[in-house]
Amino acid sequence: ARVDPANWNPPPGSSFTVVATVNSDVRDPITISTASPLSLDDPTTQSKSLPPIRETLERMRGKWQQSGSSNQPWEQLSREQAMADLRAYLAEGIPPQALSWKINSTPQQPGRFPVKIYIPYHPPLLIDAVLGESHPPAPLEITGHDPRGIISLKIVHPRSDQKRSFWTPFAFAGHPWDAGWLALYLIVYLPVMFGLKWILGVP
């Protein structure tokens, strides 16, 4: 109850997305591994590969260089500017790329469940998915220590507009009425105030 409601764990049975940010030069498959009761929404996508962005741009640069110059000066200027921009972009390095997986969970099974992303010849990276109220919230984003492999992992929960109960005193009887924080405050504050006035003799 002391945790910010915005940071409460989603209930068991929720779906979420795991986003891996990976060095763009990685060409080996990036694989996700989940622990039961978590499961991939599409089991065929357990391993994914990054698109060969650098190779594609280098082939494009080679074709532009072989195509020769244009007779029109404005076309020549445009080609030279595009070649300069492409060379600068390749020299700076392709930014890290993101891959994502949708994960499903099983209702009535709260807990802390590890999710691992790994690439051959690189150290794996693990992040915990926490569902239900049996464990405190865990970080939703972690950073790796291998800039040539997995740079970061992030868990993204879909936004929920469902109101979370603050205090349901009659839930044991099957009445999930939420008394709210104001009712709890008054129930505690008023007896304490009048009790202290009586003890101290304050009129």
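The values are calculated or read from the model by the stated rules, or taken from the named source; none is laboratory data. Quantities reported herein were computed from a predicted structural model and do not represent experimental measurements. Glycine gets a Cβ as well: all are built from the backbone with ideal geometry, and neighbour counts include every protein chain shown. Just the protein is used for accessible areas: all its heavy atoms, side chains included, with ligands, DNA and RNA removed. Shrake-Rupley method; radii C 1.70, N 1.55, O 1.52, S 1.80 Å.
Checked against the criterion of being at pLDDT 90 or above, hydroxyl-bearing (Ser, Thr, Tyr) and under 23 Å from the mean Cα position of the chain (by Cα), the candidates Ser160, Ser152 yield just one match: Ser152. Against the condition farther than 30 Å from Leu131 by Cα, aliphatic (A, V, I, L, M) and either open to solvent by 60 Å² or more (accessible area, probe 1.4 Å) or at pLDDT 95 or above (or both), how does Val22 come out, does it pass? So Val22 does not fit the description; no. Here Val130 meets the list (1) open to solvent by 70 Å² or more (accessible area, probe 1.4 Å); (2) touching a Lys or Arg at 6+ places or on another chain (Cβ under 6 Å) almost entirely, failing just condition (1). Applying the criterion of being of a type in the set (A, V, I, L, M, F, W, C) and in a loop (DSSP other than H, G, I, E, B) to the residues of segment 15-51, the residue that is farthest from the chain's Cα centre (by Cα) is Val26. Pro43: modelled with pLDDT of 75 or more, within 26 Å of Leu126 (Cβ to Cβ) and exposed (fewer than 15 other Cβ atoms within 10 Å of the Cβ), yes or no? Considered against the rule, which asks whether it is modelled with pLDDT of 75 or more, within 26 Å of Leu126 (Cβ to Cβ) and exposed (fewer than 15 other Cβ atoms within 10 Å of the Cβ), Pro43 comes out as yes. Among the residues making up segment 119-140, a single one is part of a loop (DSSP other than H, G, I, E, B), touching a Gly at 6+ places or on another chain (Cβ under 8 Å), of a type outside the set (Gly, Ala, Ser) and more than 23 Å from Arg27 (Cβ to Cβ): His135.
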